[in-house]
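Visitor: Before I ask anything, let me first share the structure, which is written out below as structure tokens.
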Amino acid sequence: MINKMDTPTPDAKNKASVIRSILNPNSQSSIPQASSSQQINAQKIPPKLMTVCFLIENNKVLLGMKKRGFGQGRWNGFGGKLHDDETIFDAAKREILEEVGITVNALEERGYLIFKTKDRPQDIKMHIFVAIRHVGEPKESDEMRPQWFDTDKLPLNEMWSSDAHWLPQIIAGQSAKGEFTFDEKDNVIEHKVEFYD
């Protein structure tokens with residue numbers, strides 16, 4: 001007759017399996033291991049650094065209609081990604097010169113925003129700038145068509161869906177720090193933004 005006290009319980013079997021896996025890590029274990037794809041996804045990819053710059057004067061803001069590439073068909077500020085060994089200030093000045101033909105002599109940084117999209121592995125960290133001193137008149141390029149807008153009549157329905165949550169405050173003189181998450185159709189599904197002077 002088998003003594004019930006001598007029969008290992010399920011809990012005892014699990015504990016014994018854990019002890020064996022610790023003492024002999026090369027042995028087969030019932031403990032689930034993370035797959036290689038899960039391990040890769042767990043490694044945080046540094047965000048892509050980008051800039052956006054706005055010209056604001058006489059209650060008007062200069063925006064550009066993106067003619068090609070990322071953001072095509074939307075009004076936006078002027079900016080883009082950094083080149084190698086380039087500071088965010090240098091990148092902001094270069095981008096606005098390339099896209100609209102204006103030389104910026106002084107910039108004021110107004111914070112940054114993190115943009116996340118569920119189907120893209122890399123986030124975007126966008127540094128926000130306002131041009132303080134600049135030279136030249138805006139000219140259309142092969143990438144952007146510039147146009148002045150009244151600061152209280154922004155074309156928000158033709159801009160990124162996130163812009164309504166932070167751009168009016170930037171134009172009003174505030175700075176921002178926040179994070180946005182988009183769905184596969186570029187609609188904002190989550191966001192949090194803090195504003196400061």
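Visitor: Can you name the number of the only condition in (1) within 27 Å of LYS177 (Cβ to Cβ); (2) modelled with pLDDT of 95 or more; (3) not hydroxyl-bearing (Ser, Thr, Tyr) that GLY101 fails?
Guide: For GLY101, the failing item is (1).
Yes/no per residue for (1) touching a helix residue (DSSP H, G or I) at 6+ places or on another chain (Cβ under 8 Å); (2) in a loop (DSSP other than H, G, I, E, B):
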{"residue": "ALA131", "(1), (2)": "yes, no"}
{"residue": "ASP142", "(1), (2)": "no, yes"}
{"residue": "ARG145", "(1), (2)": "no, no"}
{"residue": "ILE170", "(1), (2)": "no, no"}
{"residue": "LYS177", "(1), (2)": "no, no"}
{"residue": "PHE180", "(1), (2)": "yes, no"}
{"residue": "LYS185", "(1), (2)": "no, yes"}
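Visitor: Name the single residue, out of those in the stretch 137-186 being farther than 13 Å from VAL61 by Cα and small (Gly, Ala, Ser), that is surrounded by the fewest Cβ atoms within 10 Å (Cβ to Cβ).
Guide: ALA164
Visitor: Additional query: Can you name the strands (runs of 3 or more DSSP E) wholly within the stretch 42-95 that have at least 3 residues being closer than 14 Å to ILE128 by Cα?
Guide: By residue number, 48-57, 78-81.
Visitor: How about the stretch 78-108: which of its residues are touching a helix residue (DSSP H, G or I) at 6+ places or on another chain (Cβ under 8 Å) and closer than 24 Å to GLN147 by Cα?
Guide: Passing the criteria: PHE78, GLY79, GLY80, LYS81, ILE102, THR103, VAL104, LEU107.
Visitor: Given the structure, is GLY71 at pLDDT below 90, in contact with a Phe, Trp or Tyr (Cβ under 8 Å, 6 or more places away or on another chain) and assigned by TED's automatic domain parsing to the domain that holds PRO168?
Guide: yes
The values are calculated or read from the model by the stated rules, or taken from the named source; none is laboratory data. Being a predicted model, the structure only gives us computed values, none of them experimental. When we count neighbours, we look across all protein chains shown, and the Cβ atoms used for this are built from the backbone with ideal geometry, even at glycine.
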